[in-house]
Amino acid sequence: MPSYPTLSRSRPGPRRRSLLAGTAGAVLLTGCSDAGSGEGDGRSADAERLRARAARDSAALLDRYDAVIAAHAPLSARLRPLREEVARHAKAFGDGGPTPTPAATRAPEPPVPGDRKDALRLLATAERELARRRGKQLLDAPGELARLLASVAAAGAAHAYLLTEKGAEGNGEGDDK
């Protein structure tokens, strides 16, 4: 019996599902833009207050990282990348200007615990609480600021995970005293 090549039922070019998915994605992305928000560039007074608050919160978290690193030097290699990311967040919310609100004018931070695990837990709690607060704030923020808040909140949640014992298990670094 001769062998005949089988014909594929698929046609060259994109499939219908791909086109539909691409179109749906484009519609969703268009819906997320600032074009119809009436906010212009998202610089309303409320947005500016929200941005300033987010910058102060990031600066306070940065101070907390610095305090833990100063109190527990062996943790510095583990904490430095997270600290640098928090510094970038403060800068992004401050529009690239200096980190707002000097530490001297902010409310004092709680003292750093003497135990390393407790110090990491303090940072994880601060990251988690700030991520939760930013998640709520983004609901009232204009498009671009909402996207920035969402991104930074997600990063904060990841930091909280990495600072916990669960997160530490995955990176092979111990928290021995």
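The values are calculated or read from the model by the stated rules, or taken from the named source; none is laboratory data. If you're wondering where the values come from, they're calculated on a predicted model, not measured in any experiment. Cβ sites come from the backbone with ideal geometry, for glycine too, and all protein chains shown count toward neighbours. Side chains included, ligands, DNA and RNA excluded: accessible areas come from the protein's heavy atoms. Shrake-Rupley method; radii C 1.70, N 1.55, O 1.52, S 1.80 Å.
A few points about this structure:
- Only one entry of L61, L79 meets the criterion of being under 19 Å from S151 (Cβ atoms) and open to solvent by less than 40 Å² (accessible area, probe 1.4 Å), and that entry is L61.
- In segment 158-171, the residues that are among the small types (G, A, S) form Cβ pairs under 8 Å with partners that are at pLDDT below 60 and not in a helix (DSSP H, G or I), at six or more places apart or across chains, as follows: A168/G174; A168/D175.
- Criterion: modelled with pLDDT of 50 or more, open to solvent by 90 Å² or more (accessible area, probe 1.4 Å) and basic (K, R) - qualifying residue of R9, R51: R9
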